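Below: the structure, in structure tokens.
Taken together, the values in this text are just the output of simple stated rules run on the coordinates, not laboratory data. Note that this is a predicted model, so its numbers are computed, not measured. Note: ideal-geometry Cβ built from the backbone for every residue, glycine included; neighbour counts use all protein chains shown.
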Amino acid sequence: MKKPREPRQPREKYKVRTRLIHGSYPTGRWDYDHHVVPPQSSSATFRLTTANRGARAFQQFGSSTAQEMPIYVYDRLDEPTRGMLEENLAAAEGGEMAVTYATGMAAITGIFGALLKQGDHVVAHRALYGSTYTVLATWLPRWGITASFVDMTDPAAIVAAARPETRCIYFETPVNPTMELIDMAAVARAAGEINSGRNEEHRAVTVVDNTFATPFCQRPLEFGIDLVVHSLTKDICGFGTDMGGAVIGANRFYHPLMGYRKDFGGVLSPRNAWPILVYGLPSLSSRLVAKQKGAMKVAEFLLKHPKVGRVAYPGLPSFPQSELARRQMTSYDGKFAPGGLLYFELKSAGSVEDRVAASDRFVDFIAEHAYTITLAVSLGQVKTLIENPFSMTHAGIPASEKASGGVSPDGIRLSLGLEDWQDIIADLEAALAVV
Ligand SMILES: *Cc1c(COP(=O)(O)O)cnc(C)c1O
């Protein structure tokens, strides 16, 4: 076989934005360099040259790094389209390796499965994505793994909650839906304190769900976080067509993650990996730049509107954690990158029921009359999506916890799409007139 084409300078020298478009297709195992668009592979199993070669491949699967694995054997172990996506996801986050999964939840539970065993303990932020909370609060305890939920905006609370058997420190930033931020460098320092004197096997591993910010706006590994997890379903896929999940970090996590994924089976289908590889990641930077511009315009409009109370968008100078936002949310070029999501509260009055009714009137008007804004859960698509977290995505959380977490009965979450921002504002203005 002809030697694969190599670029003028090593790929690492190019800007991430460029690498997410061009990838690294002539790998040691497979050469897709002649496809301008990488193909969607579709083969559950792969031809082996000899029985001995097959036996060796299984051994190698358990001992090689992502870059070294020499041949493909079976889709559930590893396969080409998914592998190309994993290489590019690792580049997007600045990690050594990435492992993908069927959904974001399969990635999150893949981390817990790979890191934790009976008797272990997790420290997590008190506000989490709903299913993540349910996994930690109800499923893991069935296997003897417990969690403490603390306010991780206070690093001392993390250290105070840690026990000798704490093996994982888990959070999201920005927090869903309030957009509150957690200082990642401070969490890494707290973990350093907890881990001092512990050997490798007993270390508490820090994990950030970076779905809300995307790697364009924030790269947790740069702040000393150990593992980043994503729901690829959101902004990384970007078009709302496919589900997926990914974990990115250092090579030392590769074997436990891949071994767990092989045996528990939550792999990402190459059919779902392909659109994320071909459409999602290459357009991530452009989409986020456009979304941020729209989000800023919408946030400024909401801030001035007499029927709107609090507006939480990290890009606003009035954002309470503005300094932290500017420190940890930056694009690949080092520019401030506050993202495409915002949260605001209506200035409604009365009982909790009255205030829920006001936000329901608002989103129901949008559901019926808006053209640019769609009432739907999920986020990170080309269409602007709106929801009322108190009565929708966060309905299962007890009222007292919603109150302490800042989820208001009249709170609204908005995920900016790529529509003209003036059209989005006009639709919001018409709906605000009815509350
Ligand atoms: C959507 C989401 C998840 C779960 O991802 P799925 O792909 O739906 O399984 C986890 N965390 C966050 C922050 C999310 O927004």
Label model pair LYS304, LYS262: point-to-point distance (7 angstrom along the Cα→beta-carbon line) in nm is 6.0
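Which helices count as membrane-span-like in the chain under these terms: full DSSP H, at least 27 Å along the axis by C-alpha, Kyte-Doolittle mean of 0.0 or more? Write down the numbers at each step before the final one.
Working: long enough: 281-304 (36 Å, 0.25).
Those that pass (Cα extent of 27 Å or more, hydropathy at least 0.0) are 281-304.
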Dipole-positive endmost among VAL37, HIS125, ILE276 within region 14-279 (Cβ charges, Cα centre): VAL37
Relative contact order in percent for region 270-375 (Cα pairs under 8 Å, 6+ apart) equals 22
Inter-part distance where region 248-289 and region 322-351 are each reduced to a Cα centre, Å: 26
Listed residues PHE264, PHE390, PHE362, most fluctuating in the chain (Gaussian network, C-alpha, under 10 Å): PHE264
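Among 198-211, 164-177, how do they line up by average Cβ neighbours within 10 Å per residue, starting with the highest?
Details: 198-211: 19.1, 164-177: 23.5.
So the peptides 198-211, 164-177, ranked by packing, come out 164-177, 198-211.
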Order of CYS217, CYS237 under a 10 Å beta carbon neighbour criterion, fewest first: CYS237, CYS217
To check you understand DSSP bridge types, tell me what percent of the beta bridges within region 285-432 (both residues inside) are antiparallel, rounded to 5. 80
Can you give me the long-range amide H partners of TYR32? Hydrogens built in the peptide plane at 1.01 Å from N, cutoff under 5 Å, separation of 5 or more residues or another chain. THR27
Which of GLY405, GLY94, GLY396 ends up with the largest GNM mean-square fluctuation for the chain, with Cα atoms connected below 10 Å? GLY396
Which links in LYS234/LYS297; LYS15/LYS304; LYS234/LYS402; LYS13/LYS117; LYS291/LYS347 stretch past 31 Å when you go from one Cα to the other? LYS15/LYS304; LYS13/LYS117
Running a GNM on the chain with Cα contacts under 10 Å, which residue among LEU324, LEU302, LEU288 ends up with the highest mean-square fluctuation? LEU324
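Report the net charge of residues surrounding THR372, where surrounding means a beta-carbon distance below 12 angstrom and charges are Lys +1, Arg +1, Asp -1, Glu -1.
Working: positive: LYS383; negative: GLU419, ASP420, ASP423, ASP427, GLU429.
Result for the local shell: -4.
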For region 223-238 and region 364-435, distance of Cα centres in Å: 23
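Let me check against my output: what whole-number percent is the relative contact order of region 14-279, with C-alpha pairs under 8 Å and at least 6 apart?
Details: 465 pairs, mean separation 67.0, N = 266.
Reported relative contact order: 25 percent.
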Please list, in chain and number order, the residues 5+ apart from ASP209 or on another chain whose amide H is under 5 Å from its amide H, with Hs placed from the backbone. PHE171, GLU172, THR173, VAL229
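Order these by the 10 Å Cβ neighbour count, fewest first: ILE397, ILE21. Could you put the intermediate results ahead of the total?
Numbers: ILE397 17, ILE21 14.
Arranged by neighbour count, lowest to highest, ILE397, ILE21 become ILE21, ILE397.
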